[in-house]
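Chemist: Before we start, here is the structure in question, set down as structure tokens.
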């Protein structure tokens, strides 16, 4: 499979008189998981929405394989986005969501026959636990026919077992696409990421170990 490259740079975003993102640059290739770590309110979700193209900003440059995209999400084979909040219709059954959300028969079969999902097919979305719902959402997004997937806080407020299962999903699907995920849970994020960036003070810092998180005051001194 040919390597594809997503680059985002010169990103500046402010609210009122305060910039929360300042001259951001990142690069993700297919076959890679890029983790963006940061406290709540530092701009992680804002950054992913800008890359996806659903949020306008004063300045940005989003390129996929060298081609500029003002709104990458309008090219359906390029990028998919998992929002922080649930996007599933609560009154539909899991089976109905699969039929509605996915167009490929192969993808529908893959999701429906997943060991975690199969027992849930006749359940309505509102009856799922937080972990079941998030796992299902991540699986749906990763089964869309896109080069890249953006996952906003996939580990937040779910049972530990499902955090492990979601990490397994991410690892297994990265062979076919590039994955950018954001979270404040540094343990799970760093565990599944090939490269980790910390969003702090409006910029991204490369993190290679726990000590740097202490140096940047993300973690308390040991």
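Read-outs throughout are calculated quantities, based only on the coordinates presented, and are distinct from any laboratory measurement. Not measured: the values here are computed from a predicted model. Because the Cβ atoms are built from the backbone with ideal geometry, glycine has one as well, and the counts that use them run over all protein chains shown.
Chemist: List the residues of the stretch 109-135 whose backbone N lies under 15 Å from a point placed 7 Å from the Cα of residue 176 along the Cα-to-Cβ direction.
Modeler: 109-115
Chemist: For residue 123 and residue 103, calculate 0.36 nm times their separation in residues minus their Cα-Cα distance, and state this gained length in nm to one decimal.
Modeler: So the chain would gain 5.1 nm between residue 123 and residue 103.
Chemist: Return the whole-Å distance between the Cα centroid of the stretch 159-222 and the Cα centroid of the stretch 106-138.
Modeler: With the stretch 159-222 and the stretch 106-138 each reduced to a Cα centre, they are spaced 25 Å.
Chemist: Okay, moving on. When a footprinting reagent is the concern and you count Cβ atoms within 10 Å, what order do 87, 101, 52 take, fewest first?
Modeler: Fewest-to-most ranking of 87, 101, 52: 87, 101, 52.
Chemist: Under 17 Å from a point 7 Å along the Cα-to-Cβ line of residue 65: which residues of the stretch 140-154 have their amide N that close?
Modeler: Backbone N within reach: 145-149.
Chemist: Which entry is the computed mean projected area of the Cα convex hull in nm² for this structure: (i) 12.7; (ii) 23.4; (iii) 10.6?
Modeler: Recomputing mean projected area of the Cα convex hull in nm² here picks out (i).
Chemist: Hey, another quick one. If I model a spin label as a point 7 Å beyond the Cα along the Cα-Cβ vector, how far apart are those points for residue 15 and residue 156 in nm?
Modeler: 1.2 nm
Chemist: Angle between the Cα long axis of helix 130-142 and the longest principal axis of the chain, 0 to 90 degrees, nearest 10?
Modeler: On a 0 to 90 degree scale, this one is about 80.
Chemist: Can you tell me the length gained on complete extension of the stretch residue 90 to residue 115, counting 0.36 nm per residue apart and subtracting the Cα distance?
Modeler: Here the segment from residue 90 to residue 115 would lengthen by 6.8 nm.
Chemist: Could you work out the relative contact order of the chain? I mean the mean sequence separation of Cα pairs under 8 Å and 6+ apart, divided by the number of residues, in percent.
Modeler: Over the chain, the number comes to 29 percent.
Chemist: Okay, helix-only estimate at 222 nm for the chain: each DSSP H run of n ≥ 4 adds -39500 (n - 2.57), divide by all residues, round to 500 deg cm²/dmol; what do you get?
Modeler: -8500 deg cm²/dmol
Chemist: Now a separate question. Out of all DSSP beta bridges with both ends in the stretch 134-222, state the antiparallel percent to the nearest 5.
Modeler: 50 percent
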